[in-house]
């Protein structure tokens with residue numbers, strides 16, 4: 001391997017190693033440490049100058065105390081389960097909303113498609129934070145929605161949407177919708193329309209043709225879209241924080257509060273390690289799906 | 001095959017003292033478990049227009065890419081002008097390639113495309129402009145110099161690709177199915193243009209093609225390949241008139257094959273029993289044959305005469321019925337089912353006009369050919 | 001084939017896009033509301049915009065965000081393009097699976113985890129948190145996005161162009177610089193814009209990676225809106241939405257024009 005090739009590979013490689021992989025090891029290490037009133041607020045701290053003795057002392061100071069703590073306190077496993085439930089339901093909701101839109105886009109005439117794409121991409125480029133914030137003024141008890149519904153007489157009491165899981169569902173579906181639409185649209189667009197025509201020609205109704213031909217062929221896009229929503233949604237922080245209130249327990253929020261409010265870095269790290277462990281399988285599946293698609297496309 | 005000077009026939013391969021420009025020495029190329037090139041030996045001489053001919057997957061493109069430097073042999077060596085090219089990367093070889101897709105740089109103009117290779121050679125800057133002009137003149141592209149590839153037609157793009165590959169005056173020019181994308185008329189014109197340019201510049205051309213007509217038209221010699229091996233290397237006439245195997249005979253043009261047991265009756269003549277109860281075929285061959293060896297007699301359709309009565313002047317006559325006629329304007333091909341059941345094609349020029357034609361469907365006819373009309377093949 | 005949309009499809013599109021855009025439209029609407037309250041319309045006013053531009057903290061945060069954005073996206077584009085080239089053209093090398101995993105994982109990793117891990121790294125190494133650390137953090141996750149965009153373009157790139165360049169005398173690097181890069185340049189720019197947007201928008205990772213003097217705009221926005229609707233934020237949102245809209249529409253029009261012109265030229269050439 002000549003020098004050029006070596007440096008081409010090693011520069012990004014080293015960067016990711018240092019700034020992506022090593023940090024995870026550090027998180028793991030800190031998850032095994034204890035809190036301390038010190039800077040940094042954990043112990044033991046690895047002192048390279050202390051040599052072998054220091055190393056031994058370091059390893060003896062590590063323990064699984066934080067992980068057992070996670071199992072003892074209700075908060076944590078409730079938050080994990082809550083996150084799983086919310087992420088799953090939101091993904092399904094996003095799929096149900098996003099698929100028809102993607103399908104309609106793929107059916108549209110060619111000259112409309114760039115415009116439709118642009119309309120989907122524009123929210124994607126707009127600030128995530130702002131888009132979540134935009135719902136704050138709408139779904140609050142004194143928000144626009146309740147104001148309109150009360151004024152028109154459809155309801156007599158304001159609907160409690162804000163600070164409930166429903167608000168979180170709404171927020172996730174809203175912000176992650178482009179991530180679901182784009183892969184599905186991409187898969188549908190590549191599909192050969194003559195396949196559905198052949199199905200109809202052979203006796204299927206339009207509905208059957210969709211169910212038996214279009215839907216299965218769009219599966220890679222659906223799978224990609226679901227992963228792109230589910231995995232980040234699991235660890236979401238902003239949406240439950242702004243819209244979910246204290247009732248909605250999501251693990252991302254718990255991690256944040258553990259870190260910033262409680263200043264308990266070891267526990268926050270332990271939370272992160274467990275979250276990562278839960279996510280490893282979906283992440284690997286997602287990568288496998290992407291690789292399969294790449295190979296199919298080549 | 002065009003011969004400009006009938007007196008001086010270009011045939012360096014017949015000269016035992018001639019030094020080849022390219023030499024493949026026991027070259028093998030494997031991709032994993034798949035053998036693309038199998039122990040291949042070949043010599044190509046300076047000034048040749050050499051064609052590599054064969055079906056998809058026969059290895060011809062792999063062979064060419066090894067010459068260009070994009071693949072390296074798994075075993076064996078390739079010599080270019082006395083040098084082993086193995087350690088030389090593609091950008092340092094005196095070889096240039098004209099790609100099947102033309103591979104014109106879309107972000108550069110025609111002028112810049114042609115100048116691209118020159119700018120990376122040690123040609124002084126002031127000479128580059130002249131050379132590019134020369135190439136534009138050679139390919140008749142002067143008025144398109146400033147245009148980008150998407151602004152010119154397919155035929156013009158092909159000429160740019162040619163000009164670009166000749167700009168550095170390489171010792172060897174490789175052409176990868178260069179005429180595939182052109183329509184038939186343009187293809188024929190371009191074939192003659194290519195031959196002209198090759199003679200004018202004196203460059204050695206190696207062309208890869210699956211189109212046997214193309215190979216026969218442009219090449220000084222043709223190599224017929226199959227599954228990574230060379231089956232036969234000869235001039236177009238040699239390939240056509242004296243194929244060395246049924247594979248080659250069948251690959252080029254149309255051929256009729258009679259299978260049978262051969263019996264030598266004199267120094268140059270054999271008799272072939274091809275069917276029970278039928279008179280044996282007589283053919284001239286000096287090849288050494290075992291008694292009753294199975295042979296294949298190959299005879300081209302245009303060598304067969306169709307007549308209503310047995311002519312009795314030719315060594316071979318067989319009887320049959322016309323099953324199909326393909327009328328091609330200048331010639332007609334007759335598909336005749338012999339009494340033995342075998343289908344034979346015979347081709348005759350339409351010397352008479354249609355209404356006065358002698359033969360029609362269902363006619364009982366005699367097919368005849370001389371004893372030198374075909375070739376006796378042992379494989 | 002009938003290209004007119006069925007009523008079902010038209011409804012899907014209308015409802016879908018209404019859902020996507022209505023909240024933002026409402027936001028823009030209320031940024032011009034003289035009253036703070038959402039329920040009262042007190043007349044058209046630009047007072048919140050004026051207030052915004054006089055808010056020094058916001059302006060400082062915006063400046064930090066801009067600087068971080070430009071630096072991290074440029075660095076991320078360089079690293080991401082290198083990574084993309086390695087992934088697509090690199091062939092086999094030891095550690096390729098690990099490399100590929102490291103490139104794709106950040107795309108789906110929850111930000112709280114990446115943010116936390118990076119902060120712990122900075123502390124372990126002993127770097128003071130500030131603009132520099134935010135740039136490092138943003139570069140790290142943005143380069144993965146850039147790499148996805150660029151590698152997707154590289155995969156459809158016609159390799160025979162690179163081979164032709166080599167054949168004509170280029171070294172591998174020269175071929176990349178003179179042929180590949182100019183042609184994939186739009187994808188590289190796309191990658192830069194994506195990295196820039198991600199950096200501008202990032203709250204969680206910046207919160208972990210920033211120091212006391214390096215507050216970014218998202219951090220300021222978040223602390224403002226935790227308490228509820230904030231009219232200055234409405235104004236800021238409108239400005240940001242407008243910039244993005246302008247940008248997206250402009251690029252759409254430019255690329256549509258370019259494609260149309262290219263097609264016309266090709267047709268003119270073919271009919272010669």
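A few remarks follow.
- Segment B:324-342-segment B:205-248 distance, computed between alpha-carbon centres (Å): 26
- Rough spin-label spacing in nm, given labels placed 7 Å along Cα→Cβ, for residue A:278 and residue B:227: 5.9
- Against chain B, whose longest principal axis comes from its Cα atoms, helix B:125-138 is set at around 30 degrees.
- Ordering of A:243-254, B:236-247, C:186-197 by packing [mean C-beta count within 10 Å, highest first]: A:243-254, C:186-197, B:236-247
- Taking every residue in A:273-284 and counting other chain Cβ atoms within 10 Å of its Cβ, the average works out to 2.
- Average beta carbon contacts from partner chains per residue of B:291-304, 10 Å cutoff: 0
- Gain in span if fully extended, residue A:115 to residue A:71, counting 0.36 nm per residue against the direct Cα distance: 10.7 nm
- For the pair residue A:194 and residue B:362, label points projected 7 Å from Cα toward Cβ lie 4.0 nm apart.
- Computed from label points 7 Å out along Cα-Cβ, the spacing between residue B:140 and residue C:185 is 3.5 nm.
- Relative contact order, whole percent, for segment C:14-159 stands at 29, derived from Cα pairs under 8 Å and 6 or more residues apart.
- Computed FRET value (nearest 0.05) for residue A:215 with residue A:4, which takes r as the C-beta separation and R₀ as 45 Å: 0.40
- Ascending count of other beta-carbon atoms within 10 Å, so fewest first, for B:15, B:273, B:122, C:201: B:122, B:15, B:273, C:201
- In range of the label at residue B:313: residues from segment B:331-375 whose backbone nitrogen is under 20 Å from the point 7 Å along Cα→Cβ: B:346-352, B:358-359, B:365-374
- The DSSP beta bridges internal to chain B are antiparallel in roughly 75% of cases.
- With Cα atoms defining each centre, segment A:61-94 and segment C:27-75 are spaced 36 Å apart in the structure.
- Angle in degrees between helix B:154-166 and the longest Cα principal axis of chain B, rounded to the nearest 10: 70
- Efficiency of FRET from Cβ geometry, residue C:14 and residue B:31, R₀ 51 Å, rounded to 0.05: 0.40
- As a rough footprinting exposure proxy, the listed residues A:85, B:200 were ranked by other beta carbons within 10 Å of their own, and the order from fewest upward is B:200, A:85.
- Rounded FRET efficiency, nearest 0.05, which uses the C-beta distance separating residue A:88 from residue A:205 and R0 of 41 Å: 0.85
- For the segment C:169-181, counting C-beta atoms of other chains within 10 Å of every residue's C-beta and taking the mean gives 4.
- Which of C:266, C:162 has the fewest Cβ neighbours within 10 Å, and the rest in rising order: C:266, C:162
- Once C-alpha pairs closer than 8 Å and six or more residues apart are averaged by separation and normalised to the residue number of chain B, the relative contact order reads 15 percent.
- Peptides B:292-302, B:319-329, C:18-28 ranked from most to least packed by the mean count of surrounding Cβ atoms within 10 Å: B:292-302, C:18-28, B:319-329.
Each reported figure results from applying straightforward, stated rules to the coordinates on display, with no laboratory input. These numbers come from a predicted model, not from an experiment. Note that we place each Cβ from the backbone using ideal geometry, even for glycine, and neighbour counts take in every protein chain shown.
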